[in-house]
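Participant: The structure is given below, and queries will be raised subsequently.
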Amino acid sequence: MEFPVTLRAAIEQRAAQYTPAQLKALSQQLTLRYHTQSGRGQSLLSQGDEALAYAAVRMPATFGAVCGALEHTLPALSVLPKTLLDVGAGTGAASWAAASLLELEGITCFEREPAMRILGQALMQSGFAPLPGARWVAGDALRDALPAGADMVLASYMLNEFSPQQRAQTVHRLWAAAGQLLVILEPGTPVGFALLREVRQQLLAEGAYLAAPCAHTGPCRLAGDDWCHFSARIARSRLHRLLKEGDVPYEDEKYAYLAFSKTPVQPAAARILRHPKAAKGQITLSLCCPDANRELTVRKRDGDAFKAARKAGWGDAFEY
């Protein structure tokens, strides 16, 4: 899914008020702050220029990751969500992603930082329905009551800022607020995966149905230094390359996610856990399957299965 042209233009129009050096310095300061001060429950961003630098750097990656997670999740559902609660919405990237894939009738963005809310609401005025009419609510997901009544709750890159006890409490409240579906994304790192494994255990114990990415509800079989994560390739604009000091025209955003439903779902028969390995006349897939994790080699003589394997990518469902 391509980053929306109108959103990119709206960000760049506002970025033109600053010199490249100013935006780059702001971006570097934010990156350092998130790396060194995150997890303490304190405000890491308060100014409008900081929110703009954050939007320029992080919105494309968050948009791509949320699109990837939803593209893998929605096929498991019999009824698609119509309304969204975006918790810890930041400047609204997750809402843009959900609106790009679903025919949403209403969006509520829940965000504690005023600078984020102001910019996010302004950026959404350049979007398609229902983004311009999104309701922005001031609130801290850790302390304040969440708006109720949305079919789907999205929480992206938020839980890693909390302690384990705070996470458990917040996850319970996120699940209670979701009418139909809860989708949680975290960085595709061993730490992000370990956090989500705890969330998985908690919500399965609370009666949730696991929609994606797992093909089973038993204990996760990945052990040691291995972790479950996926990748979204993001096209970089000139501004994005400047702020990230990148030469290549894209970046790969690594993310981990879990999607839980309030009603029974049809999960993937298997999930591709790594980039498929292609060799002459065969493709090898690393699969999460209901009975075991397995390496499956599909050969050209396998006909339709081989054609399906050639089209399949990391993170896709696969009928094996």
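Participant: What is the packing order of peptides 133-146, 81-94, taking the mean over residues of other C-beta atoms within 10 Å and listing the highest first?
Facilitator: 81-94, 133-146
Participant: With a ≥ b ≥ c taken as the square roots of the eigenvalues of the C-alpha gyration tensor of region 53-191, please select rounded if a/c is under 1.5 and otherwise prolate if a/b is larger than b/c or oblate if it is not?
Facilitator: Cα axes put region 53-191 in the rounded bin.
Participant: At 1.4 Å probe size, with no ligands or nucleic acids counted, give the accessible surface of HIS275 in Å², nearest ten.
Facilitator: Solvent-accessible area, nearest 10 Å²: 130 Å².
Participant: Further question on the same structure: I'd like the accessible area for HIS172, computed on protein heavy atoms only with a 1.4 Å probe and all protein chains in place. Round to 10 Å², please.
Facilitator: Counting only protein heavy atoms, the figure is 100 Å².
Participant: Hey, can you grab everything whose amide H is under 5 Å from the amide H of THR83? Only 5+ residues off in sequence or another chain; H modelled, so Pro and N-termini drop out.
Facilitator: GLU105, ASP151, MET152
Participant: For LYS311, LYS244, LYS300, LYS280, what's the largest-to-smallest order of accessible area, 1.4 Å probe?
Facilitator: If we order LYS311, LYS244, LYS300, LYS280 from most to least accessible, we get LYS280, LYS311, LYS300, LYS244.
Participant: Positive end of the charge dipole of region 225-320 (Lys, Arg +1 and Asp, Glu -1 on Cβ, about the Cα centre): tell me which of PHE260, LEU243, ALA312 has its Cα farthest that way.
Facilitator: Of the listed residues, the answer is ALA312.
Participant: If you wrap a convex hull around the alpha carbons of region 122-230, what volume per residue comes out, as a whole number of Å³?
Facilitator: 137
Participant: Considering only protein heavy atoms, with the full assembly of protein chains and a 1.4 angstrom probe, order MET59, MET1 by accessible area, largest first.
Facilitator: MET1, MET59
Participant: What net charge do the residues around TRP175 carry, taking every other residue with its C-beta under 14 Å from that of TRP175, with Lys and Arg at +1 and Asp and Glu at -1?
Facilitator: Here the charged neighbours net out to +1.
Participant: Further question: Under the Karplus relation 6.51 cos²θ - 1.76 cosθ + 1.60, θ = phi - 60°, what is the ordered set of whole-Hz ³J(HN,Hα) values for region 86-101, x standing for Gly and Pro?
Facilitator: Per-residue couplings from phi come out as 9, 9, x, 5, x, 9, x, 4, 5, 5, 4, 5, 4, 5, 6, 10 Hz.
Participant: Sum up the charges of everything whose Cβ sits under 11 Å from the Cβ of SER100, counting Lys and Arg as +1 and Asp and Glu as -1, but leave SER100 out.
Facilitator: -3
Participant: Here is a further query. Give the angle, between 0 and 90 degrees and rounded to the nearest 10, that separates the Cα long axis of helix 48-73 from the longest principal axis of the Cα atoms of the chain.
Facilitator: For helix 48-73, the angle is close to 20 degrees.
Participant: So, one more: Under a straight-distance cross-link criterion of Cα-Cα below 16 Å, which lysines are reachable from LYS307, leaving out those fewer than 8 residues away in the same chain?
Facilitator: LYS307 reaches LYS277, LYS280.
Participant: Give me the accessible area of ARG274, 1.4 Å probe, in Å² rounded to the nearest 10.
Facilitator: Here the accessible area works out near 70 Å².
Participant: So for the chain: antiparallel DSSP bridges make up what percent, rounded to the nearest 5?
Facilitator: Working: 29 of 47 bridges.
If we restrict to bridges inside the chain, about 60 percent are antiparallel.
The values are calculated or read from the model by the stated rules, or taken from the named source; none is laboratory data. Keep in mind that what you see is a predicted model, and the values were worked out from it rather than measured. Cβ coordinates were reconstructed from backbone atoms using ideal geometry, including for glycine residues, and neighbour counts include every protein chain displayed. Each accessible area value is taken on the protein alone, full model and side chains, heavy atoms only, with ligands, DNA and RNA left out. Shrake-Rupley method; radii C 1.70, N 1.55, O 1.52, S 1.80 Å.
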